[in-house]
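Taking it in order: structure first as structure tokens, then the write-up.
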Amino acid sequence: MPKWCFNYDSGEYEYIERDGFSVTRGEYVYNWDDSEYRCEEEEERRREEKEERQRDED
């Protein structure tokens, strides 16, 4: 599912998928802000680590 991200090359916000495909432009972009995806991945990693610790404690 694409996220609303900033494309530095175009200077505009676009819907961009995790792999860099801009749904808005219909092509791959290479200079874009992927921080939304990185934050999502970090949250997922922390949640998994927390669940693993809880299983280990039981």
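Every read-out reported here was derived from the displayed coordinates using simple, explicitly stated rules and does not represent laboratory data. Keep in mind that this is a model prediction, so the values were computed, not measured. Cβ coordinates were reconstructed from backbone atoms using ideal geometry, including for glycine residues, and neighbour counts include every protein chain displayed.
Between Arg53 and Tyr8, full extension at 0.36 nm per residue minus the direct alpha carbon distance yields a gain of 12.3 nm. Taking label positions 7 Å along the Cα-Cβ direction at both Glu17 and Ser35, the computed distance is 2.5 nm, reported to one decimal. Only Lys, Arg, Asp and Glu carry charge here, each on its Cβ (+1 for the first two, -1 for the last two); on that basis the chain has a dipole of about 140 debye about its Cα centre.
For the chain, list log₁₀ I(q)/I(0) at each q in 0.12, 0.17, 0.29 Å⁻¹, using the Debye formula over Cα point scatterers of equal strength and ignoring solvent, two decimals each. Here the Debye-derived log intensity ratios amount to -0.38, -0.57, -1.09.
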